[in-house]
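Data block below; observations after.
Derivation of every value follows stated rules applied to the coordinates shown; laboratory data play no part. Keep in mind the model is a prediction, meaning the values are calculated, not measured. Positions of Cβ are backbone-derived with ideal geometry, glycine not excepted, and every protein chain shown enters the neighbour counts.
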Amino acid sequence: MARPPGPGPTIHRARTDAHCVLHTHTKAGCAVAAQRGGLLPVNQMSMEFHNRVGYHDYEGVALNLDEQERLVADLGGHPALILRNHGLLTVGDSAKQAFLRMYYLEKACEIQVTAQAGGTPLIIPSDEVAEYTAQQLTGEGGASSDFEDHDAYDLARGALLRLVERIAPDYKD
């Protein structure tokens, strides 16, 4: 029996700007995906995604073609999707952009889970502050942004490549 195409090809067909789709199952990403409140604006990195991340409820392994269409609808025009009880997904017009988005989304999840582990109530900025910060970080309203700054992609990629070469020099093998 042939397996139906996964959500990646479905997203590529639905979003002409989605030249790259990344999906992860990291510990922090799955932890946030399992939280009713999802990604909270508890740090600057998470505010980058304020009102710019979709949510898709868990329905099992995403092989059902009907679910794939719902997944695309839940992603909408957002750069990121949190798959409830599953993981994270980002899209970009290049691999660099999708990767940088995933990197920031993962870091935001790590910070949130770490802050929650402190056991005290979190400080949540107002919606107005979170939205203003998101506009600053996404380049909306004419501001520059790491999302759109191609030099930032190259700098981040270079830094991360140097890091992986230092800590896992055999990664190419």
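Table for the structure above
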item: Ranked by how many other beta carbons lie within 10 Å on average, peptides 115-124, 85-94, 16-25 from highest; result: 85-94, 16-25, 115-124
item: Residue range of the chain that is longest and free of trypsin sites (Lys or Arg not before Pro) which are both DSSP loop and sparsely packed (at most 11 other C-beta within 10 Å); result: 37-171
item: Reachable lysines from residue 27, criterion Cα separation under 22 angstrom, eight or more residues apart if same chain; result: 107
item: Of the DSSP H helices in the chain, those whose Cα atoms cover at least 27 Å axially and whose Kyte score averages 0.5 or more; result: none
item: Whole-Å semi-axes of the chain's equivalent ellipsoid (Cα gyration tensor); result: 24, 22, 18
item: Charge dipole magnitude, Cβ of K and R +1, D and E -1 - region 1-105, Cα centre, debye nearest 20; result: 240 debye
